[in-house]
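Visitor: One structure, as structure tokens, below. Some questions next.
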Amino acid sequence: MGYRFDDLTAAIHDDWRAYIEHDFVRGLGDGTLDEDAFRHYLKQDYLFLIHFARAYALAAYKSPTLADLRQAHEGLKAIVDVELGLHVGYCREWGITEEALASLPEARATMAYTRYVLDTGNRGDLLDLHVALAPCLVGYGEIANWLNARPSTLRGEANPYDAWIAMYEGEEFQAAMDAELEWLNARLADVTPARFEELTRIFRDATRLEIDFWQMGLDRAD
């Protein structure tokens, strides 16, 4: 019997829950997160999206099949042509101009995670890269679902972060998450126990770096 993505999250259960249920995330759900902390996160997330696009370009280079190449191409187009524009518009609603975004210095937590993803993809294969990216693509969808299932989560106009939750609970993002899970499960089904251990190390490292990214926002750290 082969492996699945759920086996990765089970293997790093404590780290995964610390990421999904981080105090930053709880603040988003409760509507209690400090607004300056959220603005700091939004700015750094813009920089992360740029490197996320680079990771998809790397995925195209690493793609062994036409189907994989098309998937990477669609991901790159979605970020460059759609998601970055939406993010800039959302930042504008929070008083952050595009000019300010263009001149941002990277926080150390941003550098650490994005360079880890790119380095992992450069050193390894396409599966390594996807596993390193999974805490973001799959994790944000799971976070939105966890917030929705949590009784204390505040929805609607009373929560200034409701639009953020809505973005990741939305049909488009959830469909992208499901497609990524399908891709990962198909490939994890064929890996050996030794290979699964390698992928678990990548997944653990990436998840811990995502925890640091939340903490960076919470602390407004440079």
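Visitor: Between residue 32 and residue 119, what FRET efficiency follows from the Cβ-Cβ distance if R0 is 25 Å, with the result rounded to 0.05? Could you put the intermediate results ahead of the total?
Guide: Working: r = 36 Å, r/R0 = 1.43.
After rounding, the FRET efficiency stands at 0.10.
Visitor: While we're here: Please report, in debye to the nearest 20, how large the charge dipole of the chain is about its Cα centre when each Lys and Arg carries +1 at its beta carbon and each Asp and Glu carries -1 there. Walk me through the numbers on the way to the answer.
Guide: Numbers: 21 positive and 39 negative charges, 100 e Å.
Using Cβ point charges on Lys, Arg, Asp and Glu, the chain gives about 480 debye.
Visitor: While we're here: Can you give the extra length, in nm with one decimal, that the chain gains between residue 149 and residue 61 once fully stretched, where that is 0.36 nm per residue apart less the Cα-Cα distance? Present the calculation step by step, with values, prior to reporting the outcome.
Guide: Details: separation 88, 0.36 × 88 = 31.68 nm, distance 3.87 nm.
Value of the extension gain: 27.8 nm.
Visitor: For the chain, what is the mean residue ellipticity at 222 nm derived from helices alone (per DSSP H run of n ≥ 4: -39500 (n - 2.57); sum divided by total residues; nearest 500 deg cm²/dmol)?
Guide: Working: 12 runs with 171 residues, N = 222.
Helix-only estimate at 222 nm: -25000 deg cm²/dmol.
Visitor: Between the stretch 146-209 and the stretch 74-103, how far is it from one alpha carbon centroid to the other, in angstrom?
Guide: Between the Cα centres of the stretch 146-209 and the stretch 74-103 lies a distance of 21 Å.
Visitor: A further question on this structure: Tell me, what ³J(HN,Hα) does each residue in the stretch 146-160 have, in order and in whole Hz, if you take phi through Karplus 6.51 cos²θ - 1.76 cosθ + 1.60 with θ = phi - 60° and put x for Gly and Pro?
Guide: Each residue's phi maps through the Karplus curve to give 5, 4, 5, 7, 8, x, 7, 5, 9, 10, x, 5, 5, 10, x Hz.
Visitor: What does the charge count around residue 152 come to, taking other residues whose C-beta lies under 9 Å from its C-beta (Lys +1, Arg +1, Asp -1, Glu -1)? If you can, show how the numbers build up before the last one.
Guide: Working: positive: 26, 150; negative: 30.
Taking every other residue near residue 152 into account, the sum is +1.
Visitor: For the stretch 110-222, what class follows from the C-alpha gyration tensor (a ≥ b ≥ c being the square roots of its eigenvalues): rounded when a/c is under 1.5, otherwise prolate if a/b is larger than b/c, else oblate?
Guide: oblate
Visitor: How high is the relative contact order of the stretch 29-132, in percent, with contacts defined as C-alpha pairs under 8 Å that are six or more residues apart?
Guide: On the way: 74 pairs, mean separation 36.3, N = 104.
Relative CO of the stretch 29-132 lands at 35 percent.
Since every read-out is calculated from the coordinates, none of them should be taken as a lab result. Computed from a predicted model, the values in this text were never measured in an experiment. When we count neighbours, we look across all protein chains shown, and the Cβ atoms used for this are built from the backbone with ideal geometry, even at glycine.
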